[in-house]
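Student: So that we are looking at the same thing, I have put the structure below in structure tokens.
The values are calculated or read from the model by the stated rules, or taken from the named source; none is laboratory data. Given the structure is predicted, the values throughout are model-derived calculations rather than measurements. Every residue, glycine as well, gets a Cβ built from its backbone with ideal geometry; the counts of neighbours run over all protein chains shown. For accessibility, only protein heavy atoms count, side chains too; no ligands or nucleic acids. Shrake-Rupley method; radii C 1.70, N 1.55, O 1.52, S 1.80 Å.
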There are 2 protein chains.
Amino acid sequence: MTITFFHMQPGPFAERCLMALRLKGIGFEEVILDPTLGQNRTPEFLSLNPRGTLPVLQDGSVVVRESQAIMFYLDKAYSEPPLFGTTPKEAGAIMQAIWDQTSYIEPLLKSIIGPLVFGKGDLSAVDAVEQKLVTELEALDRVLALTGWIVGNAISAADLSLYPLLFAVRASLREPAARNRCQAVLTALDQLPNLRSWLQAIAKIDGAAIE
Amino acid sequence: MTITFFHMQPGPFAERCLMALRLKGIGFEEVILDPTLGQNRTPEFLSLNPRGTLPVLQDGSVVVRESQAIMFYLDKAYSEPPLFGTTPKEAGAIMQAIWDQTSYIEPLLKSIIGPLVFGKGDLSAVDAVEQKLVTELEALDRVLALTGWIVGNAISAADLSLYPLLFAVRASLREPAARNRCQAVLTALDQLPNLRSWLQAIAKIDGAAIE
């Protein structure tokens, strides 16, 4: 059965799924759509995903949208390596980390990237969220000090969920347009030792250059 | 081992977990904290959950916060009945429904309940989201027409996630303060036939009166 993965570029949400596919060694066909050309609004694509959102995974008769659901589906269908834990305690901790990221870290990242990179939202709010984000990154650094991963002794969905977002923010903050804003966030991403090692370790798995 | 469940009242997020505990027939001790009295900021509680958020589940040495993570932990630790699917296809569909609710339905509910019930946010925005929410509820009604449940042939985490939110919104919209706003949403909740049957079926399981 052919697996087809529909996504757009750049796409930190798709990247979670791509990393899961690669980690599990699953062969797949990639279809890159350009929403600016309406390629996610064709009758053909809307018949797969009526919301028209990306990414979407098609595995035989199964169609899944929403990056977290795609990772979860892949983990159930292709068990090795496990991404959502092997014990109840690990499973709970991984899901807790994912919802923590969604509730506390993602909104801060959006408040910074929106105005700085996409010109959307309130630029004056950036300063207010900067310190909050640094505080979250410092807490993450303390967690990563234990084993090098967010939960347990191996990479999991908790790492795959957060990495593409932090990677994208780090790249954005290094662009000239953002150079004089959010230096505290960029410094945290570059210099908190365990966070830095974690970004490098995943970049290596992901085949991305991070320096 | 004693299971302790810390929550506040009223709490639609805690309600998801309480329903999972009851469905699985798990005995537990309930601790109700009042955030307005700072009971979630005591050193004792912060040692369990440094974020001070509710709900929190303590099961022996395991402590989990975030309602979705608590449901996931309970499902791994106490397998019957399964709440996150028994096949990869079901698992993916359940997680897709949960993230769909989080991405599309919850923000609309918040935009209505915030101004109408808690006096927070923009009251003038309520009209704009009303039709969007009705459209989501109509789509849900078509899904529920198939089996009576959001995914597959049985209640799952997808149902437990959404029900307490819709139940709370329905109750709020019946209050005098909201009576002349969002009639289209209240009508959808009361009259879409499959949605109505679903709300009643879960209320019965939950021991809540819904008429």
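Student: Pairs only if they're at least six apart or on different chains, beta carbon under 6 angstrom, first in the range B:101-130 and free of Cβ contacts under 8 Å to residues at least 12 places away in the same chain, second part of a loop (DSSP other than H, G, I, E, B) and loosely packed, with under 14 Cβ neighbours inside 10 Å; list them, first residue then second.
Tutor: B:Gly114/B:Lys120
Student: Sticking with this one: When residues of the range B:121-142 are filtered for being of a type outside the set (Lys, Arg) and open to solvent by 60 Å² or more (accessible area, probe 1.4 Å), how many remain?
Tutor: Going residue by residue through the range B:121-142, those that are of a type outside the set (Lys, Arg) are B:121-131, B:133-141.
Narrowing the set further to residues that are open to solvent by 60 Å² or more (accessible area, probe 1.4 Å) leaves B:121-124, B:127-128, B:131, B:135, B:138.
Final tally of qualifying residues: 9.
Student: Here is a further query. Which of the residues belonging to the range A:29-76 are closer than 22 Å to B:Gly152 by Cα and in contact with a strand residue (DSSP E or B) (Cβ under 7 Å, 6 or more places away or on another chain)?
Tutor: First, pick out the residues of the range A:29-76 that are closer than 22 Å to B:Gly152 by Cα: A:47-51, A:56-76.
Answer for the range A:29-76, where residues must be closer than 22 Å to B:Gly152 by Cα and in contact with a strand residue (DSSP E or B) (Cβ under 7 Å, 6 or more places away or on another chain): A:Leu48, A:Asn49, A:Arg51, A:Val56, A:Leu57, A:Gln58, A:Asp59, A:Val63, A:Val64, A:Arg65, A:Ile70, A:Tyr73.
Student: If you don't mind, another one. A:Val64: β-branched (Val, Ile, Thr), touching a helix residue (DSSP H, G or I) at 6+ places or on another chain (Cβ under 9 Å), without any contact (Cβ under 8 Å) to a residue 24 or more places away in the chain and within 14 Å of A:Leu21 (Cβ to Cβ), yes or no? Walk me through how you get there before you give the answer.
Tutor: On the way: β-branched (Val, Ile, Thr): yes; touching a helix residue (DSSP H, G or I) at 6+ places or on another chain (Cβ under 9 Å): yes; without any contact (Cβ under 8 Å) to a residue 24 or more places away in the chain: yes; within 14 Å of A:Leu21 (Cβ to Cβ): yes.
Answer is yes for this residue.
Student: Given the structure, is B:Ser103 among the hydroxyl-bearing types (Ser, Thr, Tyr), under 20 Å from A:Glu90 (Cβ atoms) and within 12 Å of chain A (Cβ to nearest Cβ)? Break it down into steps so the answer makes sense when it comes.
Tutor: Values: among the hydroxyl-bearing types (Ser, Thr, Tyr): yes; under 20 Å from A:Glu90 (Cβ atoms): no; within 12 Å of chain A (Cβ to nearest Cβ): yes.
The answer is no for B:Ser103.
Student: Still on this model: Report yes if some residue within the range B:162-172 is in contact (Cβ under 8 Å) with a residue 12 or more places away in the chain and part of a loop (DSSP other than H, G, I, E, B); otherwise report no.
Tutor: If we filter the range B:162-172 for residues that are in contact (Cβ under 8 Å) with a residue 12 or more places away in the chain, which is where we start, we get B:162-170, B:172.
When the remaining residues are screened for being part of a loop (DSSP other than H, G, I, E, B), the result is none.
Looking for residues that are in contact (Cβ under 8 Å) with a residue 12 or more places away in the chain and part of a loop (DSSP other than H, G, I, E, B), one finds none in the range B:162-172, hence no.
Student: Determine whether the range B:175-187 contains at least one residue that is closer than 20 Å to B:Ala14 by Cβ, open to solvent by less than 30 Å² (accessible area, probe 1.4 Å) and either in a helix (DSSP H, G or I) or out of contact with any Ser or Thr (no Cβ under 7 Å at 6 or more places or on another chain) (or both).
Tutor: The first filter runs over the range B:175-187 and keeps only residues closer than 20 Å to B:Ala14 by Cβ, leaving none.
No, there is no match, as no residue in the range B:175-187 is closer than 20 Å to B:Ala14 by Cβ, open to solvent by less than 30 Å² (accessible area, probe 1.4 Å) and either in a helix (DSSP H, G or I) or out of contact with any Ser or Thr (no Cβ under 7 Å at 6 or more places or on another chain) (or both).
Student: Closer than 30 Å to A:Asn180 by Cα and hydrophobic (A, V, I, L, M, F, W, C): which single residue out of A:Ala93, A:Ala128, A:Ala97 fits that description? Give the derivation first.
Tutor: Working: A:Ala93 fails: closer than 30 Å to A:Asn180 by Cα; A:Ala97 fails: closer than 30 Å to A:Asn180 by Cα.
It is A:Ala128.
Student: Sort out for me the helices (runs of 4 or more DSSP H) sitting completely within the range B:6-111 that have 3 or more residues that are under 20 Å from the mean Cα position of the chain (by Cα), buried (at least 22 other Cβ atoms within 10 Å of the Cβ) and modelled with pLDDT of 95 or more.
Tutor: Details: elements: B:12-23, B:43-48, B:67-77, B:88-100.
So the answer is B:12-23, B:67-77, B:88-100.
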